[in-house]
1. When the label point is put 7 Å from the Cα of Lys145 along its Cα-to-beta-carbon vector, which residues of segment 67-99 have a backbone N closer than 12 Å?
2. For a quick check: with amide H placed at 1.01 Å from N, whose amide H comes under 5 Å from Arg258's, ignoring anything fewer than 5 positions away on the same chain?
3. What accessible area, in Å² to the nearest ten, does a 1.4 Å probe give for Ile248?
4. Stretched out fully, how many nm does the piece from Glu461 to Lys39 gain, at 0.36 nm a residue minus the Cα gap?
5. Ranking request for peptides 448-456, 298-306, 159-167: highest mean number of other beta-carbon atoms within 10 Å first, then the rest in descending order.
6. Ordering Glu381, Glu461 from largest to smallest accessible area (1.4 angstrom probe), what's the sequence?
7. Taking θ as phi - 60°, what are the ³J(HN,Hα) couplings along segment 388-398 by the Karplus curve (6.51, -1.76, 1.60), each to the nearest whole Hz, with x for Gly and Pro?
8. What ranking do 315-323, 434-442 get when scored by the average of other Cβ atoms within 10 Å per residue, highest first?
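The values are calculated or read from the model by the stated rules, or taken from the named source; none is laboratory data. None of the values given here were measured: they were computed from a predicted structure. Backbone-built Cβ (ideal geometry, glycine too); neighbour counts: all protein chains shown. Accessible surface areas use protein heavy atoms only, side chains included; no ligands, DNA or RNA. Shrake-Rupley method; radii C 1.70, N 1.55, O 1.52, S 1.80 Å.
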Amino acid sequence: MNELLDLKGFSGIGRGREKKVALMDPSKQCLICVPLTAKTVKKMLFQLELAKESGADVAELRVDLISGFDAAADLPVLLKDKPLPVIVTPRAKWEGGEYKGSEESRQDILRMAYDLGADYIDVELKVAGGFIQELRSRGKDSTTKIIVSNHNWDFTPSDEEIHATIEQMWATGGDIVKYVTTAQDITDVAQVFHFLSESKGPTIGLAMGPAGMISRLLAPKFGGYLTFGALCKGQESAPGQPTVQDLIEVYRVKSMDRDTMVYGVIGKPVYHSKGPVLHNKGFEELNLNKVYVPLLVDDFNKFMNVFNRPDFHGFSVTIPYKEDALKLCDRVENAAKIIGAVNTVVRETTGEYQGYNTDCEGALSAIEKGLRHSGLANNDETPLKGKLFVVIGAGGAGKALAYGAKERHARVVVANRNYERAKALAESVGGKAIELDQLSDFRPETGMILANSTSIGMEPEVTRSPIHKDALSAYALVFDAVYTPKQTQLLKDAAEMGAVTVSGEEMFYGQAFAQFRYFTDLPGKLRAPVSAQCSIGTYSRGRMISTRLGFDKLLQRGLYPNSAQFGMLMDKSQVQLVNLAFRC
Ligand code: NAP
């Protein structure tokens, strides 16, 4: 038995429970469906063209959202010469939709769509039994597939309840089952993966809400018949829906299969992370069957227990779970132990977790690169040797910086709001502690290095800086771990005072590259994703084109495709296109 098919842990919490089930035919590719939410027929027709352009396989016509929808006049127009297969959905109000007419007229829309040869119609479980029987008993030949749907807008029921409902859905005589729940916690998604994996026919399974995002991104891996992607941000038909471009360009769902290895960033919040764009591009360039997803986690241990599977192989860990990760890991590298934080977890084949800290490597290599590039150091192995290195902050990032600086033979000084923490950290690296408000007068020598590791200056408080501008004249190089915004107030002040500046974005890329090495097990090829060709999907005059640029060139020009840039490329043009659609 392929160990990836072992659904250990997916029927409940705990590493011990095991459930083995049959999977759907893996040769069936998961379709990408774009729900169309326009308010007029004309706009919906335009959206249909955009859906085709976007690379979607199917479009869902949410006709309940069209104001004054007249089925007899409008359905033939919508179904004539359609560029894509369509699902006709007049969603009832009692199932979370907007249809305002009578139940009889709503079912008439479905009958008409069936007779007109719509590719699919969506019928809610509550009415599906009688309706499908009546439709089939008319003896008419139709190629229309009937989707029987059920939505739970509040929570994810137990495995047993889901199983019983799905049995009822199959009993209605529909062709496809669509069971949608709401995830209150990311571990609820395990139940969705479970019923998808054991389905006895084409099944759509999704968990709505921010915590349910991975049910949409990983649907192809678990045998889902279809997953939904919005035409662009703001056009979602359900909470937590990604865009179709994210599904195709970032998560590569079209090439995902059940053997795809899963990686991700665990945090809360997490959807701002640039990790998915960065790691997925690296996986793509190295042609690795791996995907990296955002994991919005409320309870770290619970998540790691439920998803302790061979195919959930590696995790980046961010605020607030770096200390939890340290405690949970079965083995932790020495540096991470000393720093007291783990930001990278890799699952061994034995099921044990190994923890690392790449923040240290990321930050220090960025600072050393800054020193070398600006001519403040030669190609010396240890450009920080003997330098006075002032760390502001004594949290996870502060510890990584102080430890890394000590390892590189710098003289470390720690300043922190909580002086006791500064003292403890300074002692652990053989350095000195000072009060945070002493910092502005602290000028024992010139040519010092300053590294901010507090969140001061981070969005939205972008005008704040941890140190007075005048005090910066004593520093040769200033580093800020904060990377939103890229140019913090501290870095602007430092540049004005003549210091070399290094942004937190550099640290982010550095720690991500080190994680990539652990995730890919390619120690000798750390540069591989950097030198590989990168394909950035972008839009031009309504058509998707591919711009091929070398990662090295992108890096040199400061253009490494972070998610903000990538998202902007996608969304700006998509929004323009959709606006166009609304004007016609
Ligand atoms: P953390 O463990 O929570 O530590 C936060 C530190 O900031 C503590 O020293 C805390 O001081 C100090 N602090 C917070 N608010 C403050 C305020 N208003 N005034 C003075 N000091 C304040 O967090 P962390 O993981 O170290 O992260 C810290 C920053 O580094 C964040 O902005 C994070 O985004 C950034 N970071 C960046 C990267 C990257 O790749 N660029 C990686 C990791 C972290 P007390 O001890 O007094 O509470």
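1. Inside the label zone: 85-87.
2. none
3. The value for Ile248 is about 30 Å².
4. Working: separation 422, 0.36 × 422 = 151.92 nm, distance 3.90 nm.
Result for the pair: 148.0 nm of gain on full extension.
5. Numbers: 448-456: 24.8, 298-306: 18.7, 159-167: 14.7.
Packing proxy ranking, top to bottom: 448-456, 298-306, 159-167.
6. Numbers: Glu381 160, Glu461 100 Å².
I get Glu381, Glu461, largest accessible area first.
7. Per-residue couplings from phi come out as 7, 10, 9, 9, 9, x, 9, x, x, 5, x Hz.
8. 315-323, 434-442
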